[in-house]
Amino acid sequence: MGTPCHFALFDLKPGFRLDLDQLATRYRELAREVHPDRFADASEREQRQALEKSAGLNDAYQTLKAAPKRARYLLSISGQEVPQEVTVHDPDFLLQQMQWREELEDLQDSADLAGVATFKRRVKTAQAELEDSFAACWDDAAQREQAERLMRRMQFLDK
């Protein structure tokens, strides 16, 4: 039997919109159950299994916790093969990225801390808008190609 679905591991229905507090709470509960320290007196095999479960749980949590990773994971379990590298064939988006990068460099060069804080808020807003757009596309199977494009934008913006 293969690796259990990340969502199933946390008793969640597969979807993009998640209650991150609920995810964190469930993660802490499960992490306590499989923590390697609890198996200190167990056999070597049981210790190894606990370590593997703990590592798998951590990987699943990190994947579901981050919107770009969650988007990529959803696309992959829906049968869409998504190459690992982040290539964005999206001229408008790339132009926006270049403008933002230049703006950030100017703000950093002039040590404009208030400007940097404002800039970060704008990027956070852009990320939230991308996540909402992805969620809407994800709910509509006819828009899966657009969902993949948005996932690539999320990954890119996350970097």
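The values are calculated or read from the model by the stated rules, or taken from the named source; none is laboratory data. Note that the coordinates shown come from a computational prediction; the quantities given were computed from them, not determined experimentally. All Cβ positions, even for glycine, are placed from backbone atoms using ideal geometry, and neighbour counts span all protein chains on display. Accessible surface is based on the protein model in full, side chains and every heavy atom, while ligands, DNA and RNA are left aside. Shrake-Rupley method; radii C 1.70, N 1.55, O 1.52, S 1.80 Å.
Couple of notes before you dig in:
- Gyration tensor (alpha-carbon) shape descriptor, region 18-85, a/c threshold 1.5: oblate
- Rounded percent of accessible protein surface that carbon and sulfur make up, the chain, 1.4 Å probe: 49 percent
- The residues of the chain present an accessible area of 66 Å² per residue when probed at 1.4 Å with all protein chains retained.
- Short-range pairs are left out: with C-alpha atoms under 8 Å and at least six residues apart, the relative contact order of the chain is 24 percent.
- Summary of packing: across the peptides 20-28, 36-44, the per-residue average of other C-beta atoms within 10 Å ranks them, highest first, as 20-28, 36-44.
- Accessible surface of Phe7, taken over heavy atoms with a 1.4 Å probe and every protein chain present, rounds to 0 Å².
- Principal-axis tilt of helix 67-77 within the chain, Cα atoms, nearest 10 degrees: 60 degrees
- Summing +1 for each Lys or Arg and -1 for each Asp or Glu among the other residues whose beta-carbon sits under 11 angstrom from that of Pro36 gives 0.
- Within the assembled protein chains, the solvent-accessible surface assigned to Tyr73 is about 40 Å², based on a 1.4 Å probe.
- Mean residue ellipticity at 222 nm, helices only, the chain: -23500 deg cm²/dmol; runs of at least 4 DSSP H residues each add -39,500 (n - 2.57), and the sum is divided by the number of residues.
- Charge sum, other residues only, whose C-beta stays under 10 Å from Arg70's C-beta, Lys/Arg counted +1 and Asp/Glu -1: +3
- Residues Ile77 and Arg32, FRET efficiency given R0 of 22 Å [Cβ-Cβ distance, rounded to 0.05]: 0.25
- Seen against the Cα atoms of the chain and their longest principal axis, helix 20-34 is set at about 30 degrees.
- On Cα atoms only, tilt of 113-138 relative to the major axis of the chain in degrees: 60 degrees
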